[in-house]
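Worksheet: the structure to be examined is printed underneath.
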Amino acid sequence: MKAKQHVEFVRVDLNSGWERPPGYPPGFYQKILASDLDETNKRGSRTRLLKIEPGAYSTEPFVHDHWEEVYVVHGDLIVGNDAQGRGGEQCFAPTYACRPPGVHHGPFTSKGGCILHEIHYYETSGKAGAHAEKRK
């Protein structure tokens with residue numbers, strides 16, 4: 001993975017350039033804004049937009065080994081739906097979440113569609129894993 005580049009206030013085209021993240025269901029799309037996230041060596045960070053189209057849904061919770069901060073920029077996000085996309089708790093923009101590594105979250109859906117601003121990163125405080133130890 002190459003190092004993040006200096007980017008100085010470029011216009012973000014929200015109408016094109018979206019791609020489906022690997023392993024995500026149809027109707028989920030990402031636009032990477034900056035990334036040097038190295039999941040193999042557990043370092044770096046990624047900033048992206050995640051778009052969920054109206055009615056799209058995931059069926060399984062997500063869990064990863066890095067921190068994740070999520071800000072609902074636009075629309076509605078439903079957390080905890082069932083395998084048919086029903087139920088769960090709905091929140092609306094502006095809404096924020098911060099999750100440490102190892103936390104199961106989701107599945108997700110959206111009634112009207114949404115755009116999320118996400119930041120993913122590995123521990124940077126020198127206390128790797130301290131938060132996980134407290135949860136055991």
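The values are calculated or read from the model by the stated rules, or taken from the named source; none is laboratory data. These figures come from a predicted structure and were not determined experimentally. Cβ: placed from backbone, ideal geometry, glycine included. Neighbour counts: every protein chain shown. Areas reflect the complete protein model, heavy atoms only, side chains present, ligands, DNA and RNA absent. Shrake-Rupley method; radii C 1.70, N 1.55, O 1.52, S 1.80 Å.
Of note:
- Pairs are defined by a Cβ separation below 8 Å, a sequence spacing of at least 6 or placement on different chains, a first member in the stretch 20-46 that is over 16 Å from His66 (Cβ atoms) and without any contact (Cβ under 8 Å) to a residue 24 or more places away in the chain, and a second member that is outside any loop (DSSP other than H, G, I, E, B) and of a type in the set (A, V, I, L, M); the pairs so defined are Lys31/Leu49.
- Considering (1) over 30 Å from Lys2 (Cβ atoms); (2) surrounded by 14 or more Cβ atoms within 10 Å (Cβ to Cβ); (3) of a type outside the set (A, V, I, L, M, F, W, C), the lone condition that Lys31 does not fulfil carries the number (1).
- Qualifying residue in the stretch 116-129 (condition: among the β-branched types (Val, Ile, Thr) and modelled with pLDDT of 95 or more): yes
- Residues being open to solvent by 30 Å² or more (accessible area, probe 1.4 Å), in a loop (DSSP other than H, G, I, E, B) and farther than 24 Å from Glu39 by Cβ - total across the stretch 87-125: 6
- Residue among Pro26, Pro22 that alone is at pLDDT 95 or above and in a loop (DSSP other than H, G, I, E, B): Pro26
- Flag set for Val7, criterion: surrounded by fewer than 12 Cβ atoms within 10 Å (Cβ to Cβ), touching a strand residue (DSSP E or B) at 6+ places or on another chain (Cβ under 8 Å) and under 20 Å from Tyr121 (Cβ atoms).
- The residue list Leu49, Leu37 contains one member that is among the hydrophobic types (A, V, I, L, M, F, W, C), under 25 Å from Gly106 (Cα atoms), within 13 Å of the chain's Cα centre (by Cα) and surrounded by 16 or more Cβ atoms within 10 Å (Cβ to Cβ), which is Leu49.
- Condition met for Val72 (within 30 Å of Ala3 (Cβ to Cβ), open to solvent by less than 70 Å² (accessible area, probe 1.4 Å), of a type in the set (A, V, I, L, M, F, W, C) and not in a strand (DSSP E or B)): no
- The stretch 1-19: number of residues that are of a type in the set (Lys, Arg) and in contact (Cβ under 8 Å) with a residue 12 or more places away in the chain: 2
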